[in-house]
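For reference, the structure is listed below as structure tokens.
The values are calculated or read from the model by the stated rules, or taken from the named source; none is laboratory data. Worth saying up front: this structure is predicted, and the values here are computed from it rather than measured. Neighbour counts are summed over all protein chains in view; Cβ atoms, including those assigned to glycine, are modelled from backbone coordinates with ideal geometry.
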């Protein structure tokens, strides 16, 4: 199994975090040279990361890859067991992507900072979510889930993006620190990510 990963791509990072959380053996190959980029372009019609190659199966889109890994390697499970809770988790991730993550990834790919509107949306949104994390350990309750992988990789990138969260958002920042302290999170970081994150 091979995961082709961008060294700063937040969707790739979420997939790497899933791999480490589940202790899955997988070759992570960073797209740092033309040869690897050409391989990804052959595997994936969009030529983007993350791209997972597992025998004859090729998958792309971060959420598709993460859900496949979760289903193929079911322990520990990273999605709820009942359909209603799974649907709620997927809606939460979809909102994160639509509201913030897709736009942030464009900024990262272009080497630019988010504009004022996006920065304010993220800062204000994290403050609004802070109360949610005041009453539970993880995004969905007491268990780490795929939703947490997306929150964690976003929070890690806030310093690089120049986004600050005011003190009213202390609870979500505390949650972020708990995520960053997890061994799986530390092990999921690329060398480039170690340099840019919320050390």
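Taking segment 174-196, which residues are without any contact (Cβ under 8 Å) to a residue 60 or more places away in the chain, closer than 24 Å to residue 94 by Cα and surrounded by fewer than 20 Cβ atoms within 10 Å (Cβ to Cβ)? Once the filter is applied, which keeps residues that are without any contact (Cβ under 8 Å) to a residue 60 or more places away in the chain, closer than 24 Å to residue 94 by Cα and surrounded by fewer than 20 Cβ atoms within 10 Å (Cβ to Cβ), segment 174-196 yields 174, 177, 178, 180. Consider residue 32 carefully, then state whether it is closer than 26 Å to residue 86 by Cβ and in a loop (DSSP other than H, G, I, E, B). The answer is no for residue 32.
Considering segment 112-136, and only residues there that are in a loop (DSSP other than H, G, I, E, B) and over 18 Å from the mean Cα position of the chain (by Cα), the residue that is modelled with the lowest pLDDT turns out to be 135. When each of 101, 78, 8, 52 is tested for being assigned to a helix (DSSP H, G or I), in contact (Cβ under 8 Å) with a residue 40 or more places away in the chain and under 24 Å from residue 154 (Cα atoms), the lone residue that passes is 101. Is there a residue in segment 31-45 that is over 19 Å from the mean Cα position of the chain (by Cα), at pLDDT 95 or above and surrounded by 14 or more Cβ atoms within 10 Å (Cβ to Cβ)? No, every residue in segment 31-45 fails to be over 19 Å from the mean Cα position of the chain (by Cα), at pLDDT 95 or above and surrounded by 14 or more Cβ atoms within 10 Å (Cβ to Cβ). Here residue 12 fits the description: crowded, with 23+ Cβ neighbours inside 10 Å and closer than 18 Å to residue 194 by Cα.
When you scan segment 58-75, how many residues do you find that are assigned to a helix (DSSP H, G or I) and either surrounded by 16 or more Cβ atoms within 10 Å (Cβ to Cβ) or in contact with a helix residue (DSSP H, G or I) (Cβ under 9 Å, 6 or more places away or on another chain) (or both)?
8
Only one of the numbered conditions (1) more than 19 Å from residue 5 (Cβ to Cβ); (2) modelled with pLDDT under 90; (3) in a helix (DSSP H, G or I) is not met by residue 195, and that is (1). Quick check: anything in segment 88-95 crowded, with 17+ Cβ neighbours inside 10 Å, touching a residue at least 24 places away in the same chain (Cβ under 8 Å), over 18 Å from the mean Cα position of the chain (by Cα) and under 20 Å from residue 21 (Cα atoms)? Checked against the condition, which is being crowded, with 17+ Cβ neighbours inside 10 Å, touching a residue at least 24 places away in the same chain (Cβ under 8 Å), over 18 Å from the mean Cα position of the chain (by Cα) and under 20 Å from residue 21 (Cα atoms), segment 88-95 yields no hits at all.
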